[in-house]
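In what follows, a structure is listed as structure tokens, so that the remarks can point back to it.
The values are calculated or read from the model by the stated rules, or taken from the named source; none is laboratory data. Because the structure is a prediction, the values reported are computed rather than measured. Note: ideal-geometry Cβ built from the backbone for every residue, glycine included; neighbour counts use all protein chains shown. Ligands, DNA and RNA are excluded from the accessible area calculation, which covers all protein heavy atoms including side chains. Shrake-Rupley method; radii C 1.70, N 1.55, O 1.52, S 1.80 Å.
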Amino acid sequence: MQRLVHTSSTYSSITVRHDNTPQNHNVWHYHEELEFIHIRQGKGTFFVGDCIQQFADNFIVLIGSNTPHYWLFDEEYIKAEICHADIQVVHFKPDFIGADFLEVPEAQDIKQVYRLAKQAILFPSSDLRLRHFFENLSVQTPLKRLAMLLDILDYTASLPTPTTLVSPNYTNPQQQGDYLRMNKILDYIRLHYKSKIQLDEIAHVAGMTSNSFCRYFKQRTGKTLIEFVNELRIGQACKLLSESNAPIKEICFECGFHNFVSFHKIFKSSTTYTPSAYREAIS
């Protein structure tokens, strides 16, 4: 099975990375390690399990073992001419502190955090303790990193009512060839979502019949192709409504919708706002 694996050095059981290259995250993948990530600076669309979520500065999320995810940064961060991404990432295996760690009574709260992380736990961007953890971890000795990670996991276990992004019933079937196939599919959608995507064309890209593609895509993303593409388009519409003064009808067509009435209906269903009310609410 092909997948991205984050290896630790001989001297550390966790991997800490500070990244300014969004392209490194623009890949659909999953791995045994949990991923604790802080997008200190950056905007875009986050795909995890069956969830599509917009992200912005100080986005903090814990992603569980083998939960598929994909970060699509906005174009201005990919080009990095004006906007520069700042990404802090920690990868660690569930048993990073020892094979029997999760079996001891004192670790049961952390074990529950791991269970919830399979649904991707989203933390408040205003949580200064978490932000300080990411800022300080990389300069610590290996032993202090272990202690800090254990401490912050214990802290997350104490937080009330965690916000999870992925549906509880989502599963990742994990079949041979998923990595290459899903990245081909998502790259095609990324490049063509502003125009009409033909089912037979994207099925051909995936090397499948149309019926097989529809089943496969729904299994991997929890959504039909049209649901997935519409959520991506609505996310782009929200971005344009918040960052520009362009007419709403112009934004509708810029995001790939070909019918203004349909855009209005889908936008309200997705956000509970009409496009004009959304623009007013965030202004």
Worksheet, complete the sentence: Regression test value, accessible area per residue of the chain, probe 1.4 Å, units Å², expected 50
Worksheet entry | Helix axis angle, 260-271 relative to the chain longest principal axis, alpha carbon, degrees | 20
Item to complete: Any chance you could look up the accessible area of L128 with a 1.4 Å probe, heavy atoms only, rounded to 10 Å²?
Response: 100
Fill in: Contact order normalised by residue count of the chain, Cα under 8 Å, 6+ apart, percent
18
Worksheet item: With contacts defined as alpha carbon pairs under 8 Å and 6 or more residues apart, what's the relative contact order of the stretch 27-156 in percent?
Response: 28
Item to complete: Using a 1.4 Å probe and ignoring any ligands, DNA or RNA, find the accessible area of L116 and quote it in Å² to the nearest 10.
Response: 40
Worksheet item: Can you tell which of C252, S283, F263 lies farthest toward the positive end of the dipole of the stretch 237-283, using +1 and -1 charges on the Cβ of basic and acidic side chains (Lys, Arg; Asp, Glu)?
Response: F263
Discussion item. Modelling each spin label as a point 7 Å along the Cα-to-Cβ direction, I'd like the K218/K196 distance in nm, to one decimal.
Written reply: 2.3
Item to complete: Given the options P68, P162, P173, state which has the largest fluctuation in a GNM of the chain using a 10 Å cut-off (strictly under) for Cα springs.
Response: P173
Practice prompt. Write down the Å³ per residue value for the convex hull defined by the alpha carbon atoms of the chain.
Written response: 146
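Which percent of the accessible area of the chain is formed by carbon and sulfur heavy atoms (probe 1.4 angstrom)? It would help to have the intermediate numbers written out before the result.
Numbers: 7220 of 14260 Å².
After summing per-atom areas, the C and S share lands at 51 percent.
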Practice prompt. Please arrange Y216, Y170 by accessible surface area, largest first, computed with a 1.4 Å probe and ligands excluded.
Written response: Y170, Y216
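Show that you can apply the helix-only estimate: for the chain, add -39,500 (n - 2.57) for every DSSP H stretch of four or more residues, divide by all residues, and state [θ] at 222 nm to the nearest 500.
On the way: 11 runs with 123 residues, N = 283.
Estimated from H runs of four or more residues: -13000 deg cm²/dmol.
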Worksheet item: Could you list log10 I(q)/I(0) for the stretch 178-282 at q = 0.11, 0.22 Å⁻¹, which the Debye formula gives when each Cα is one point scatterer?
Response: -0.37, -1.09
Fill in: Unit charges on C-beta of K, R, D, E only; dipole of the stretch 178-282, Debye
200
Worksheet, complete the sentence: Taking Cα atoms only, helix 178-192 is inclined relative to the longest principal axis of the chain by an angle, in degrees rounded to 10, of 40
Worksheet item: With every protein chain present, what accessible area does H18 have (1.4 Å probe, heavy atoms only), rounded to the nearest 10 Å²?
Response: 120
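Just to make sure I understand: if all protein chains stay in place, what is the order of K223, K144 by accessible area at 1.4 Å, largest first?
On the way: K223 25, K144 115 Å².
From most exposed to least exposed: K144, K223.
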Discussion item. Can you give the FRET efficiency to the nearest 0.05 for F260 and Y155, using r as the Cβ-Cβ distance and R₀ = 35 Å?
Written reply: 0.15
Discussion item. What do you get for the angle between helix 142-158 and the principal long axis of the chain? Use alpha-carbon atoms, 0 to 90 degrees, nearest ten.
Written reply: 60
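Arrange the residues D50, D178 by how much accessible surface each exposes, largest first, with a 1.4 angstrom probe. List each step's numbers first, then the result.
On the way: D50 25, D178 0 Å².
Ranking D50, D178 by accessible area, largest first, yields D50, D178.
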Practice prompt. Please give, to one decimal in nm, the separation of the simple spin-label points placed at S12 and D187, each 7 Å out from Cα toward the Cβ.
Written response: 3.0
Response to the item:
Here, D127 and Q23, labelled 7 Å along Cα→Cβ, have an inter-label distance in nm of 3.2
